[in-house]
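Written out below as structure tokens is the structure these notes cover.
Only the coordinates and a few stated rules stand behind these numbers; no lab work does. Note that the structure is predicted; figures quoted are calculated from it, not measured. No Cβ is skipped: glycine too gets one built from the backbone with ideal geometry, and neighbour counts run over all protein chains shown.
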Amino acid sequence: MSKAINTAKLIFVGIFVVAAAGIWAYQIYYVKPRLECEEAQGWWSKELRRCEKPVSLRPPPPHKPLPPIDSLRPTLPESANIPPRPPRK
């Protein structure tokens, strides 16, 4: 009888150790990354096991129109005008 109890005890201890290791591995590889992703305000993908940042699908706000090109050119004093070079022969 004692041998049967010891064998049953070892079987149950073995099942407990395997189950505890399985739960620990599940927490480390599946639950912990998902929780870290959610804390960083990301989206967790179960299929890809990746954390992605949300993307706004709203169009960007309208921009101000650009000023005319003439207003972008620097204004130089008359003394800065250089005569054009004569053409090369």
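Tell me what the chain gives for mean residue ellipticity at 222 nm when only DSSP H runs of n ≥ 4 count, each as -39,500 (n - 2.57), the sum divided by the residue total, rounded to 500 deg cm²/dmol.
Only helices count here, giving -13000 deg cm²/dmol.
Specify the angular offset, from 0 to 90 degrees and rounded to the nearest 10, of the alpha carbon long axis of helix 2-26 from the longest principal axis of the alpha carbons in the chain.
Here the helix axis deviates by roughly 10 degrees.
Between TRP43 and LEU66, what FRET efficiency follows from the Cβ-Cβ distance if R0 is 41 Å, with the result rounded to 0.05?
Computed FRET efficiency for TRP43 and LEU66: 0.65.
Of the listed values (i) 3, 14, 27, 29, 19, 6, 1, 0; (ii) 2, 9, 9, 8, 6, 6, 7, 7, 5, 5, 6, 8, 13, 7, 1; (iii) 2, 9, 7, 8, 7, 6, 6, 6, 5, 5, 5, 4, 5, 5, 4, 3, 2, 2, 2, 2, 2, 1, 1, 0, identify the label whose number matches P(r) over Cα pairs in 5 Å bins from 0, in percent calculated from this model.
So the calculated entry is the one marked (iii).
Label ASN81 and LYS53 with points 7 Å out from Cα along Cα→Cβ: what is the distance between them in nm?
Between ASN81 and LYS53, the label points sit 5.3 nm apart.
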